[in-house]
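Below is one structure, written out as structure tokens; comments come after it.
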Amino acid sequence: MTNNPRTNTKPLNVLLVPDSYKGSLSSSDVARALAEGIYRAAPDTLLTAIPMADGGEGTVDALVAAANGERHELQVTGPEHLPVTASYGQLADGAVIEMAAAAGLPLTTQPNPEITTTYGVGQLIDHLGDQNMMIGAGGSATNDLGCGAAAACGVTFYDDAGQQFVPTGATLGKIASIDISQMRRPAELTVMTDIDNPLLGDNGAAAIFAPQKGADPAMVQRLERGAAHAANIIARDVGVDVTGVAGGGAAGGFAAGMYAFFGAKLSTGVDAVLDAVGFDEWAKTADLILTGEGQLDGQSLAGKVPVGVARRTDKPVIAIVGSVGEGARASYDHGITAVFGITPKPQALEAALADTADNLTATAENIMRTWLAAGGGGR
């Protein structure tokens, strides 16, 4: 008796497109664990793995792997104004940067969005020159509207006394004028984000995200006032109104600043990465697509990898996730065929994280055995 009911049929073509499981496994590690489970159930399966990211952690690795690019490092100014070593990816047709590599929350010792800076991100942009660039805007520690990054690329900010300075969240309100005449720009710049929050207001950068970066309610109000003032000066001196830009609130207004100063295109992170790795062509030949992330919930609809993948194809898409959160069922309306949590029994978080790879493998094997028994097969 065979373990594979599809004897004498065309091998199943499975496409793996997982995100990372934050705090546990990278997207490449997730893909390897899923592949092991699939091969246990169906050794003849044709597998293609495309490790994914949504513009946050893992974006450089995903694109470097997909495009056979190269990973490089550069010493830059970190979010707390101290040197850090930031990595970036060099691809054949451009470069990719993770904002968090130079201005990320994990790089801070005392998170404070009033003093942190994006200057190091600008140093990366300036170092990479006039080629095309993509920047993942996830995981920032900042709320400076990207003014630090702009300053590193030649934008000059003046206070009321005519003195030059590099604005941070605390000093946005001191901007009296902006000079962009000496600015250095990439050929094209795309900022990848998985949110559509505006710069200002109850759903804006300060109100929603600054508390995650160390801001108390009073600081949130100060950051909001500073951002509103900076937006007015940008509109006057740069000629761009950033207050109505969808996604402008990403990364403490970094996306809004890049839109104003660099003419950046703001793109859903997952779509930009899917385009870059050629997902649509790979999906055409797949019989089944497996994706996943650490937790699938209602927020996943805003641009996380599993839903982003499902929206791009009419093939069956199964999401394998660390946990299934509130609102996950809505993903079915966006193309997800089924959602499977990987934890087989009640566990403490620490134990669940340690067992992630084994649980992924076991879940993938069970899904594949069920799929084959139900008559799923190559076309």
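Laboratory data are not the source of any read-out in this text; all were calculated from the coordinates shown. In this text the structure is predicted, and so the values were computed from the model without any measurement. Ideal geometry is used to build each Cβ from the backbone, glycine not excepted, and the neighbour counts take in all protein chains shown.
Helix 250-262 and the longest principal axis of the Cα set of the chain meet at an angle near 70°. Using Cα springs under 10 Å in a Gaussian network model of the chain, which residue among Pro18, Pro198, Pro211 shows the largest mean-square fluctuation? In the Gaussian network model the winner is Pro211. The C-alpha atoms of region 181-253 occupy a region whose extents along the principal axes are 38, 27, 20 Å, arranged from largest to smallest.
Over all directions, how big on average is the projection of the convex hull of the alpha-carbon atoms in region 45-152, in square nanometres? Write out the running numbers ahead of the final one.
Values: hull surface 29.3 nm².
The number I arrive at for region 45-152 is 7.3 nm².
Candidate cross-link partners of Lys213 among the lysines, defined by an alpha-carbon separation under 20 Å and a same-chain spacing of 8 or more, comprise Lys22.
Looking at the chain alone, DSSP beta bridges between its own residues are antiparallel in about 40 percent of cases.
Amide H contacts under 5 Å for Ile135: Ile97, Thr190, Val191, Met192, restricted to partners 5 or more places along the chain or on a different chain, H placed in the peptide plane at 1.01 Å from N. For Asp297, the residues 5 or more places off, or on other chains, whose built amide H falls under 5 Å of its own are Gly325.
What the pair-distance distribution of the chain shows, using all Cα-Cα distances binned every 20 Å from zero, is 29, 52, 18, 2, 0 percent.
The Cα center of region 179-257 and the Cα center of region 337-379 differ in position by 40 Å. Using θ = phi - 60° in the Karplus curve 6.51 cos²θ - 1.76 cosθ + 1.60, the 3J(HN,Hα) couplings for region 75-86 round to 7, 9, 7, x, x, 9, 6, 10, x, 9, 9, 10 Hz; x is entered for Gly and Pro.
Relative to the dominant Cα principal axis of the chain, helix 27-41 is inclined by about 10°. Once the C-beta distance of Gln131 and Asp216 is scaled by a Förster radius of 56 Å, the resulting FRET efficiency is 0.85 to the nearest 0.05. In region 241-376, inverting the average of 1/r over every pair of distinct C-alpha atoms gives 16.8 Å as the Kirkwood radius. Cα-based radius of gyration for region 125-284, normalised by 2.2 N^0.38 Å, reads 1.04. The angle between the Cα long axis of helix 217-237 and the main principal axis of the chain comes to about 70°, on a 0 to 90 degree scale. Taking amide H atoms as placed 1.01 Å from N in the peptide plane, the amide H of Thr343 has no partner under 5 Å among residues 5 or more positions away or on other chains.
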